[in-house]
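The values are calculated or read from the model by the stated rules, or taken from the named source; none is laboratory data. Computed from a predicted structure; not experimentally measured. Because the Cβ atoms are built from the backbone with ideal geometry, glycine has one as well, and the counts that use them run over all protein chains shown.
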Amino acid sequence: MQDVFSFKDKVILITGAGRGIGKAITKGFLERGAIVYGTGSKQESADLINAAGANGRVADVTDPAAMPTLIDEIVQKHTRIDCLINNSGVSSDTPASFFKEDEIEKILNTNVKGVFRSCQAYFKTHRKHGGTIINVASVLGFVGIPLASIYCASKGGVIQLTKALAIEWASYNFRVNALCPGLIDTDMTSRMTGKPDLLNKVTASIPLKRLGQPEDLVGAALFMASSASSYMTGQTLVIDGGMIAQ
C-alpha cells in the first residue's frame, strides 16, 4: 500500500524557512524524503536552512523579481515543484492610530503581495501540469485583537486570496489551501511569552491551555501537500488549540 505521506524525491519550496513554523515544516518534509528549498530574506537565514539539510536561498518576497527567479531556477533543475508553501510573514504591535505608511506597506507587501507574487510565479511555470499551494495565514484572519490591525487585515487577505485562486486555477489542476495557526510560540509571539502575566492570561483563554509549538503545524502541512487531500481546495485548516471555536 502506498504511503501517501512519503515525499521521497518530491520538491517542496517553503518561504520563511529559517525559523519558527517554516523551520519545523522544513524538518518534517526532510524527514519524509523531500527535496526542500527554503528561503530567507537574509544570508544568515539561508545559512540556517542549509545547516538543517535543506537548500537555503536568499529571496525577499517583497522584491517582485525574487520568487520568479528562484522558482525558475528550481524548475530548471528538477522540472517541477510539487508544493509551494508561502510561510514568510511579518507582524507588529503598533497601535492602529500610530501606524506610519512605511510600516503598513511592509506588512501588506510581505504578507499579501509577497504571497500573491509567489503564487503567480508558481502558476506560470506549472499551468500545464498543475500544482499544490499552501498559504500560511492565521486565526487573526478571522478574529481581531488589539495592536494587530494591519496584520489581521493582511491575513484575512491571504484567506480570501486562497479561495479566489483555488476557484480560478482549479481547471488547471491546482489545489490552493490555507493553513491558519493560532498563537504559536515563535519570535512573533515573543512580546507575549516574555511577560508571564500576559502569557498566563492568553493561555487561559485557549481551550487547550497552552500556546502552540511550531511542530504542531507539521502534520497539517504534510496532509495538505499530500495526495490524502487531493479533493481539498479553497479551504482553511485552523490549528489553534480551540481558540476560535468558542
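(1) more than 26 Å from THR110 (Cα to Cα); (2) buried (at least 21 other Cβ atoms within 10 Å of the Cβ): which one isn't true of VAL4, the others all being true?
That leaves (2) as the condition not met.
Determine, yes or no, whether GLY33 is of a type outside the set (A, V, I, L, M, F, W, C), assigned to a loop (DSSP other than H, G, I, E, B), exposed (fewer than 14 other Cβ atoms within 10 Å of the Cβ) and at pLDDT 95 or above.
Working: of a type outside the set (A, V, I, L, M, F, W, C): yes; assigned to a loop (DSSP other than H, G, I, E, B): yes; exposed (fewer than 14 other Cβ atoms within 10 Å of the Cβ): yes; at pLDDT 95 or above: yes.
So GLY33 fits the description; yes.
Considering each of THR193, THR233 in turn, give the residue that is farther than 17 Å from LYS23 by Cα, modelled with pLDDT of 95 or more, surrounded by 12 or more Cβ atoms within 10 Å (Cβ to Cβ) and hydroxyl-bearing (Ser, Thr, Tyr). Walk me through it before giving the result.
Working: THR193 fails: modelled with pLDDT of 95 or more.
Exactly one of THR193, THR233 is farther than 17 Å from LYS23 by Cα, modelled with pLDDT of 95 or more, surrounded by 12 or more Cβ atoms within 10 Å (Cβ to Cβ) and hydroxyl-bearing (Ser, Thr, Tyr), namely THR233.
Please specify each residue of the stretch 143-160 satisfying the condition of being assigned to a helix (DSSP H, G or I), more than 18 Å from LYS106 (Cβ to Cβ) and touching a residue at least 24 places away in the same chain (Cβ under 8 Å). Before you say what the answer is, go through the steps one by one.
If we filter the stretch 143-160 for residues that are assigned to a helix (DSSP H, G or I), which is where we start, we get 149-160.
Applying the additional criterion that residues be more than 18 Å from LYS106 (Cβ to Cβ) yields 159-160.
The answer is ILE159, and nothing else.
If we keep just the residues of the stretch 207-222 that are of a type in the set (A, V, I, L, M, F, W, C) and surrounded by 18 or more Cβ atoms within 10 Å (Cβ to Cβ), which is modelled with the lowest pLDDT? Working first, answer last.
Kept after step one, since they are of a type in the set (A, V, I, L, M, F, W, C), are these residues of the stretch 207-222: 208, 211, 217-218, 220-222.
Imposing the further condition that a residue be surrounded by 18 or more Cβ atoms within 10 Å (Cβ to Cβ) reduces the set to 211, 217-218, 220-222.
On the way: LEU211: 94, LEU217: 98, VAL218: 98, ALA220: 98, ALA221: 98, LEU222: 98.
Selected residue: LEU211.
Under 6 Å by Cβ, and 6 or more places apart or on different chains, what pairs join a residue from the stretch 69-94 that is within 30 Å of ALA148 (Cβ to Cβ) with one that is part of a loop (DSSP other than H, G, I, E, B)?
LEU70/ALA59; ASN86/THR15; ASN87/THR15; ASN87/GLY16; SER88/THR15; SER88/GLY16; SER88/VAL61; ASP93/LEU147
Select, from LEU237, LEU165, LEU198, the only residue that is hydrophobic (A, V, I, L, M, F, W, C) and under 14 Å from the mean Cα position of the chain (by Cα). Steps first, answer last, please.
Working: LEU165 fails: under 14 Å from the mean Cα position of the chain (by Cα); LEU198 fails: under 14 Å from the mean Cα position of the chain (by Cα).
Only one candidate qualifies: LEU237.
Return a yes/no flag: does the stretch 171-185 have any residue that is within 28 Å of ASP82 (Cα to Cα) and in a helix (DSSP H, G or I).
So in the stretch 171-185, the residues within 28 Å of ASP82 (Cα to Cα) come out as 171-182, 184.
When the remaining residues are screened for being in a helix (DSSP H, G or I), the result is 171-172.
Checking the stretch 171-185: at least one residue is within 28 Å of ASP82 (Cα to Cα) and in a helix (DSSP H, G or I).
What are the pairs, 6+ residues apart or on separate chains, where a residue within the stretch 120-138 that is under 22 Å from LEU222 (Cα atoms) has its Cβ under 9 Å from a residue that is surrounded by fewer than 21 Cβ atoms within 10 Å (Cβ to Cβ) and among the charged types (D, E, K, R)?
As it stands, the answer is HIS126/ARG80; HIS129/ARG80; GLY131/ARG80; GLY131/ASP82; THR132/ASP82, since those pairs meet every condition given.
Determine, yes or no, whether GLY141 is at pLDDT 90 or above and in contact with a Lys or Arg (Cβ under 7 Å, 6 or more places away or on another chain). Steps first, answer last, please.
Working: at pLDDT 90 or above: yes; in contact with a Lys or Arg (Cβ under 7 Å, 6 or more places away or on another chain): yes.
So GLY141 passes the test.
Within 19 Å of the chain's Cα centre (by Cα), touching a residue at least 24 places away in the same chain (Cβ under 8 Å), farther than 20 Å from GLY22 by Cβ and surrounded by 19 or more Cβ atoms within 10 Å (Cβ to Cβ), is that true of ILE184? Lay out the reasoning, then the answer.
On the way: within 19 Å of the chain's Cα centre (by Cα): yes; touching a residue at least 24 places away in the same chain (Cβ under 8 Å): yes; farther than 20 Å from GLY22 by Cβ: no; surrounded by 19 or more Cβ atoms within 10 Å (Cβ to Cβ): yes.
Considered against the rule, which asks whether it is within 19 Å of the chain's Cα centre (by Cα), touching a residue at least 24 places away in the same chain (Cβ under 8 Å), farther than 20 Å from GLY22 by Cβ and surrounded by 19 or more Cβ atoms within 10 Å (Cβ to Cβ), ILE184 comes out as no.
Tell me the residue from ILE21, ILE12, ILE35 that is touching a Leu at 6+ places or on another chain (Cβ under 6 Å), in contact (Cβ under 8 Å) with a residue 40 or more places away in the chain, within 20 Å of ASN135 (Cα to Cα) and of a type outside the set (S, T, N, Q), please.
Working: ILE12 fails: touching a Leu at 6+ places or on another chain (Cβ under 6 Å); ILE35 fails: touching a Leu at 6+ places or on another chain (Cβ under 6 Å).
Sole residue among the options that is touching a Leu at 6+ places or on another chain (Cβ under 6 Å), in contact (Cβ under 8 Å) with a residue 40 or more places away in the chain, within 20 Å of ASN135 (Cα to Cα) and of a type outside the set (S, T, N, Q): ILE21.
Mind listing whichever residues of the stretch 111-145 are over 17 Å from LEU179 (Cα atoms) and of a type in the set (Ser, Thr, Tyr)?
The first filter runs over the stretch 111-145 and keeps only residues over 17 Å from LEU179 (Cα atoms), leaving 113, 117, 120-130, 144-145.
Answer for the stretch 111-145, where residues must be over 17 Å from LEU179 (Cα atoms) and of a type in the set (Ser, Thr, Tyr): TYR122, THR125.
Take the stretch 85-142 and flag every residue that is β-branched (Val, Ile, Thr) and assigned to a helix (DSSP H, G or I). Walk me through it before giving the result.
Here is the first cut: in the stretch 85-142, the residues β-branched (Val, Ile, Thr) are 85, 90, 94, 104, 107, 110, 112, 115, 125, 132-134, 136, 139.
Within the stretch 85-142, ILE104, ILE107, THR110, VAL112, VAL115, THR125, VAL139 meet the criteria.
Scan (1) in contact (Cβ under 8 Å) with a residue 60 or more places away in the chain; (2) closer than 28 Å to ALA170 by Cα; (3) touching a strand residue (DSSP E or B) at 6+ places or on another chain (Cβ under 7 Å) for the single condition MET232 breaks and write down its number.
The single condition MET232 does not satisfy is (1).
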